[in-house]
Amino acid sequence: MATVDTAALQEMAMKHLWLHFTQMAGFDPAKHPVMVRGDNIFLEDSNGNRYMDFLSGLFTVQIGYSHGEEIGTAMLEQAMELPYYTNWTYSHPKAIELATKLAEITPDSINRAFFVSGGSEGVEGAIKLARDYHNAGGEPMRRKVIARKIAYHGTTYGALSLTGITSIRAPFEPLMAGVRHVEPTNPYRCKYCADQGGCNLKCADEVAEVIEFEDPSTVSMVIMEPVQNAGGCFTPHPEYHQRVNEICKEYGVLHAADETICGYGRLGEWYGSQRYEYEPDIITCAKGLTSGYQPMGAVLFGDKIADRLIETEHMFLHGITFGGHPIVAAAALKNLEIMEREGVLENVKQNEPYLRDQLFGLMERHEIIGDVRGAGYFWAMELVKDRATKETFNEDECNVLLRDFLSPTLLSEGLLCRADDRGDPAIQISPPLITTRDQIDEAIAVFDKVLPQAQDLMLKLRR
Ligand SMILES: Cc1ncc(COP(=O)(O)O)c(C=O)c1O
């Protein structure tokens, strides 16, 4: 294996590489791990430190890191045959095969794929597709989109406009007009039901109220993740998405599921919408579609939309040069084949109760955990100052707890996960879908070691 000059790489990173969502002022190259290789669910940095990757890269590497040769071979074969061709006007076998495969695993009514290069582009495509569906239906006033507070839908302008995280929206305003944000499903802190002993679906009713208020003839689409990532894995009441789906149908609004994270097995089914038993009109997806071995996203959509565009001879004026790239499509097809062959969805289904029990066990042992929530291999532990009152940490305390202590300490203990406060502070885990019970135990042992230290630190801070 090639040796790596860590110091030189870190220095070059500091000088030339602008990291995403990273404070580059005061960037300390020595504290900047450079990942050089991966296997199974592990990563190794240039100093030879190993990490258990309980974030799947970025909610992406469903099959883990050991399939480079197999996926790479499929890509090489494709590269030797046809290294690039477009999906503008013409097509090529791999995009066709992938679209066909996706039609097989999506809900029955979804049979069309428009390929893009990632999650944000998928959301952009959905915004435009929904508008054009209404244009073709003679309702060009339907422009508005309803999304949820705290939800993350990407960083490009349209996607950022749907994103409901004030701190990352505000610096770039004005954004796309006509976006309204409703409450997410967060039973722990929901303004409608946190003190009612359970979800009363008022959060779903709010969607209808906003549509009514805006005038239904101006509303194009409702977009939501099956389980909302930002804020810490907000799981819905089992009937929430079905109710939103009914509301959308009632008002002629399209229902989109942003499955950028929930898709491809994260919740134990191909799509999160299947787990919650609703059929959206549009699914946006990316990440797990290729397990991150190549960049790809897709807007998957229903016959309802395709039929209208075809019947009205309406051309969808949208295109992306690399959308459906043959080498990337080859990687996606191989990834889906590996997922099926290795029973990845079954692994998640079998181990979900075990993972859940271990996380609830952590909550029993550590007062700092106020709530545990999630589904499949997608969980969050919300951290609180006081479990009885649910009092949360203020901004300064969050900085100490998450950024100064938890992130570096978990990393130094060899565990990659996310300590985040885009909503209330939470630790999120989202391991590769091949993760075993033994590996879950290993991660839990790290939390058992680190969480008491976090608790002590916060108590000291208060004194
Ligand atoms: C739900 C959701 N939508 C969209 C995106 C944007 O995806 P990308 O970073 O590939 O543009 C993300 C990224 O994490 C996401 O979680």
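The values are calculated or read from the model by the stated rules, or taken from the named source; none is laboratory data. If you're wondering where the values come from, they're calculated on a predicted model, not measured in any experiment. Glycine also receives a Cβ, built like all others from the backbone with ideal geometry; neighbour counts cover every protein chain displayed. Ligands, DNA and RNA are stripped out before the accessible areas are found, and what is left, the full protein with its side chains, is counted by its heavy atoms. Shrake-Rupley method; radii C 1.70, N 1.55, O 1.52, S 1.80 Å.
Some observations on this one:
- For the stretch 364-389, a residue qualifies if it is more than 17 Å from residue 234 (Cβ to Cβ) and without any contact (Cβ under 8 Å) to a residue 40 or more places away in the chain, and the qualifying residues are 364, 386, 387, 388, 389.
- On inspection, residue 278 fails the criterion of being surrounded by fewer than 24 Cβ atoms within 10 Å (Cβ to Cβ), farther than 27 Å from residue 60 by Cα and more than 17 Å from the chain's Cα centre (by Cα).
- If you go through the stretch 335-344 and keep only what is in a loop (DSSP other than H, G, I, E, B) and surrounded by 14 or more Cβ atoms within 10 Å (Cβ to Cβ), you end up with just 342.
- Residues satisfying the stated conditions in the stretch 120-143, i.e. of a type outside the set (D, E, K, R), open to solvent by 20 Å² or more (accessible area, probe 1.4 Å) and within 16 Å of the ligand (Cβ to nearest atom): 120
- Those helices (runs of 4 or more DSSP H) lying entirely in the stretch 166-278 with at least 2 residues in contact with a strand residue (DSSP E or B) (Cβ under 8 Å, 6 or more places away or on another chain): 202-214, 240-251, 272-275
Conditions (1) more than 14 Å from the ligand (Cβ to nearest atom); (2) under 23 Å from residue 99 (Cα atoms); (3) surrounded by fewer than 24 Cβ atoms within 10 Å (Cβ to Cβ); (4) of a type in the set (Lys, Arg), marked per residue:
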position: 200; (1), (2), (3), (4): yes, no, yes, no
position: 212; (1), (2), (3), (4): yes, no, yes, no
position: 222; (1), (2), (3), (4): yes, no, no, no
position: 226; (1), (2), (3), (4): no, yes, no, no
position: 242; (1), (2), (3), (4): yes, no, yes, no
position: 255; (1), (2), (3), (4): yes, yes, no, no
position: 262; (1), (2), (3), (4): no, yes, no, no
position: 273; (1), (2), (3), (4): no, yes, no, no
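- Hits in the stretch 148-173 - residues which are aromatic (Phe, Trp, Tyr) and within 11 Å of the ligand (Cβ to nearest atom): 152
- Per the conditions (1) surrounded by fewer than 18 Cβ atoms within 10 Å (Cβ to Cβ); (2) touching a residue at least 60 places away in the same chain (Cβ under 8 Å), the sole criterion not satisfied by residue 250 is (2).
- Residue 79 vs. criteria open to solvent by less than 40 Å² (accessible area, probe 1.4 Å), farther than 30 Å from residue 376 by Cα and in contact (Cβ under 8 Å) with a residue 24 or more places away in the chain: yes
- The number of residues in the stretch 45-98 being within 16 Å of the ligand (Cβ to nearest atom) and in a helix (DSSP H, G or I) comes to 4.
- Search result, residues across the stretch 277-296 that are over 16 Å from residue 330 (Cβ atoms) and either near the ligand (Cβ under 10 Å from one of its atoms) or in the same structural domain as residue 38 (by TED's automatic domain parsing) (or both): 284, 285, 286, 287
- Some residue of the stretch 21-44 being crowded, with 18+ Cβ neighbours inside 10 Å, part of a helix (DSSP H, G or I) and not aliphatic (A, V, I, L, M): no
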